[in-house]
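Q: I have a structure here, written as structure tokens, and I will follow up with some questions on it.
All of the numbers you see were taken from the coordinates with simple rules; none came from a lab. All of these numbers come straight from a predicted model, not from anything done at the bench. Reconstructed Cβ throughout: ideal geometry from the backbone, glycine too, with neighbour counts over all protein chains shown.
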Amino acid sequence: MDLTPNDEQIAFQTATADWCRDNMALEGARARPEGLWAEIEAMGWTGMTAPGMDLDHATEALVFAELGRFLAPIGLIATAVASRWFPDVAEGKVALALTVSEPEDLRVLDPAGSCAVLMSEPGGLRLFDLPDSFTDQSGMVHATPHAPTIDLSTLQSRHEWTSSLWTEDDPAPPLHLQLLSAAYAVGCADAARDMAADYARLREQFDRPIGWFQALKHICSDMAVRAAAARSQLYYAACALDENAADAAFHVAAAKRLADQAALDNGRANIQVHGGIGMTDEAAAHLPLKRAHLLQFIAPAARETLLA
Amino acid sequence: MDIGFSPEEMHFREECRDWLHANVPAGKRPLDAADAITFDKAWQRRLFDAGWAGINWPTDYGGRGLSIVQQVIWLEEYAAAHAPWIGANFVGINHGGPTLILNASEEQKAYHLPRILKGEAIWCQGFSEPGAGSDLAGIKTRGRIEGDELVINGSKIWTSFAHVADWQELVLRTEEGSLRHKGLSWVICDMHAPGITVRPIRKMSGQTEFAEVFYDDVRIPLANVVGGLGNGWKVAMSTLSFERGTGFIADQVKQSQEIEELIAAARANGMIKDDRIADQLAQLRAEVAAVRAMTYRNISEVVRTGQPGPEASVIRLFTSELGQRLERMAVLLMGDAIIDFAYGDDNVVGDYLRGFAATIAGGTAQIQRDIIGERLLGLPKSR
Ligand SMILES: Cc1cc2nc3c(=O)[nH]c(=O)nc-3n(C[C@H](O)[C@H](O)[C@H](O)COP(=O)(O)OP(=O)(O)OC[C@H]3O[C@@H](n4cnc5c(N)ncnc54)[C@H](O)[C@@H]3O)c2cc1C
């Protein structure tokens, strides 16, 4: 038993954080540059557990928590999961559909430049084609309109169900998606905590840093507690999945539930710590909050799983 | 990272389980204070004789010299077997002994550690005073040096198990006129020494488990100072780090038992059909899982680096508040049976009432939040 990252895992973690700081700053989440996806692919994060790279979920979760800290594209979660479970089919970026049942339209997140869309269902994953534009019988070309979401870094589109591939009789694929979205939420909670603590050290009122005041200090401490609990459970869940443990579904769900709450509560607290500037569009404090709201809908933890 | 245990560790777990299965006393820990202490001492002796006391204490002083991971495995099996609460041995085993291992002289260790492990000596903690609670550096109890003795005057309060203790971790001012953290010493105080008066205090639950202690020209040999005269603050901080850190692993492990019992109870009485209750139970179960993950992470940190990470205070705060949420839920699931509570009952309501201590004793939740904000997040010190 060892729930601390080993040297190799720390190296992955550090390299990810370093790259993100230089190339994918959180503040830039509202408008990511065109070429970002190609760079992300080149970094290897789209297929860490896919055949060929075969890293474990523990390492992947550590890296995705770092990526989540910088509000990395939502499509990266779907792509990483698809390349593990549909290795021969999924080539290129994969978008993520929120779980809906037929005949409701698919709500697809991060469709820009994606060739397919991944959706989780109880007991399996589906992979749909995602034509960005298509030609109908009369020869008219339709482009799928992309609409904004609350998370400024993520666009969405609506699609009808098409034929799809799915994973069968294997509990692991949907857990993989839930684990990586939990990792994103852990990173998001960390980002809000650090932003708040940084500001509380710098901003002065009444001739002292506002972090001197316990009312603020304790808000920040609670952010640290939530983030630590969620991160620890994420590590445990990743290991449980790696081991194919009988209670892996529970542990991954617990990680997602705590990470979602940490992301949302920390996101909200961060605005309060910033005061007026926290409410502005210009400042970045709203970015983790809005990402947190989006993450609540990605592979949410089912109460039945938590009580099973 | 992995959550698997080695074959040796798994074998060790089997041994723990088998022994506990055959030896855990069937009855409950007695309610009457005197009987409870006899029970605590006898049980500790039994653990010692069978080799289960001081699993990760050095072998030179009667311990087993095993790893902290094995200590955790033991505690997990201990909770699963519904073995008795450590009771009056809490201070000696969880922080008195560990403080001595780290700071005491050879003579002090050789004399005291085996007695703690065998349940022969009950320890208590004399830190808090009427005027020095959260602000521990406000200690006024003083010791005047006379020859090779300290002559002690003053008083302590909230001293758990003082009325049955043989020894005390006493922190007092040994330098006249010294201020705050300076001039304090950590002393092994003989609770049977002349001049000591213990006045038990009743809790709102009805038990008298703590007391006020008065010192009237109490003479303690200078040889009982631990870690050197004037170094009391540093030694006391190591005591608190054990008390707030590894001392609570047993509680953390017990929570995983408690949540399962609560879910079973809610299923049995049908209250789980209430969506809000089901959701709270689901939430508590996730949080209890996180406590185990945090504990494992902290233990791994100890194994890797030799000391717990700065997040020990985070675990302490999270666990203490979670414990209170669990107790609150247990009371909720009782319905109006809470009305039947009688002073001194040792039941769900008794646990609930005593559970308020979790965010007060050993540093209040507010003080823990200060520590987290200042040490973990680097915010400026408010005090
Ligand atoms: C069941 C129980 C057992 C105990 N056993 C022992 C024992 O064996 N040995 C021992 O030495 N002590 C023991 N204690 C004492 C315990 O350590 C103190 O109660 C604790 O440190 C708080 O001190 P206080 O009671 O004086 O409260 P105070 O310090 O007066 O605190 C009162 C309130 O003010 C808050 N507060 C105080 N200072 C600040 C601040 N700077 N910022 C924000 N809030 C603040 C506190 O959080 C609390 O809510 C025990 C206590 C309990 C309840």
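Q: Restricting the stretch B:138-180 to residues that are surrounded by fewer than 16 Cβ atoms within 10 Å (Cβ to Cβ) and of a type in the set (A, V, I, L, M, F, W, C), which is nearest to the ligand (Cβ to nearest atom)?
A: Across the stretch B:138-180, the extreme among qualifying residues is B:LEU179.
Q: Going through the stretch A:214-272 one residue at a time, which ones are facing another protein chain (nearest Cβ under 7 Å) and not in a helix (DSSP H, G or I)?
A: Listed by number, the list holds a single entry, A:GLU243.
Q: What is the one condition in (1) assigned to a helix (DSSP H, G or I); (2) within 14 Å of chain B (Cβ to nearest Cβ) that A:LEU55 does not satisfy?
A: So A:LEU55 meets the others, but not (1).
Q: I would also like to ask the following. Would you be able to tell me the number of residues in the stretch A:1-45 that are surrounded by 15 or more Cβ atoms within 10 Å (Cβ to Cβ) and within 14 Å of another protein chain (Cβ to nearest Cβ)?
A: 8
Q: Residue under question is B:ARG383, and the condition is that it be under 21 Å from B:PHE127 (Cβ atoms), within 12 Å of the ligand (Cβ to nearest atom) and over 21 Å from the mean Cα position of the chain (by Cα); does it hold?
A: So B:ARG383 fits the description; yes.
Q: Only one of these conditions is not met by A:VAL186: (1) crowded, with 17+ Cβ neighbours inside 10 Å; (2) more than 21 Å from A:PHE70 (Cα to Cα). Which number is it?
A: Against the list (1) crowded, with 17+ Cβ neighbours inside 10 Å; (2) more than 21 Å from A:PHE70 (Cα to Cα), A:VAL186 comes up short only on (2).
Q: Report, by residue number, each residue of the stretch B:348-363 that is within 14 Å of chain A (Cβ to nearest Cβ) and either within 7 Å of the ligand (Cβ to nearest atom) or free of Cβ contacts under 8 Å to residues at least 24 places away in the same chain (or both).
A: Selection gives B:GLY363 alone.
Q: Would you pick out the residues in the stretch B:5-33 that are part of a helix (DSSP H, G or I) and in contact (Cβ under 8 Å) with a residue 12 or more places away in the chain?
A: B:GLU9, B:PHE12, B:ARG13, B:CYS16, B:ARG17, B:TRP19, B:LEU20, B:HIS21, B:ASN23, B:ALA33
Q: A further question follows. In the stretch B:305-328, which residues are part of a loop (DSSP other than H, G, I, E, B) and at the interface with another protein chain (Cβ under 8 Å from one of its Cβ atoms)?
A: Correct list: B:GLU311 only.
Q: Run down A:ALA285, A:ALA299, A:ALA262, A:ALA292 and say which single residue is on the phi > 0 side of the Ramachandran plot and under 20 Å from the mean Cα position of the chain (by Cα).
A: A:ALA299
Q: Between B:ILE367, B:ILE371, which is among the aliphatic types (A, V, I, L, M), at the interface with chain A (Cβ under 10 Å from one of its Cβ atoms), part of a helix (DSSP H, G or I) and within 16 Å of the ligand (Cβ to nearest atom)?
A: Answer to the selection: B:ILE371.
Q: Is the stretch B:287-304 home to any residue that is more than 21 Å from A:ALA255 (Cβ to Cβ), touching a helix residue (DSSP H, G or I) at 6+ places or on another chain (Cβ under 9 Å), at the interface with chain A (Cβ under 9 Å from one of its Cβ atoms) and surrounded by fewer than 16 Cβ atoms within 10 Å (Cβ to Cβ)? Before you say what the answer is, go through the steps one by one.
A: Residues of the stretch B:287-304 that are more than 21 Å from A:ALA255 (Cβ to Cβ), as a first pass: B:302-304.
After this cut, where a residue has to be touching a helix residue (DSSP H, G or I) at 6+ places or on another chain (Cβ under 9 Å) as well, the list is B:302-303.
Going one step further and asking which of them are at the interface with chain A (Cβ under 9 Å from one of its Cβ atoms), we end up with B:303.
Still in the list and also surrounded by fewer than 16 Cβ atoms within 10 Å (Cβ to Cβ): B:303.
Yes, there is a match, as at least one residue in the stretch B:287-304 is more than 21 Å from A:ALA255 (Cβ to Cβ), touching a helix residue (DSSP H, G or I) at 6+ places or on another chain (Cβ under 9 Å), at the interface with chain A (Cβ under 9 Å from one of its Cβ atoms) and surrounded by fewer than 16 Cβ atoms within 10 Å (Cβ to Cβ).
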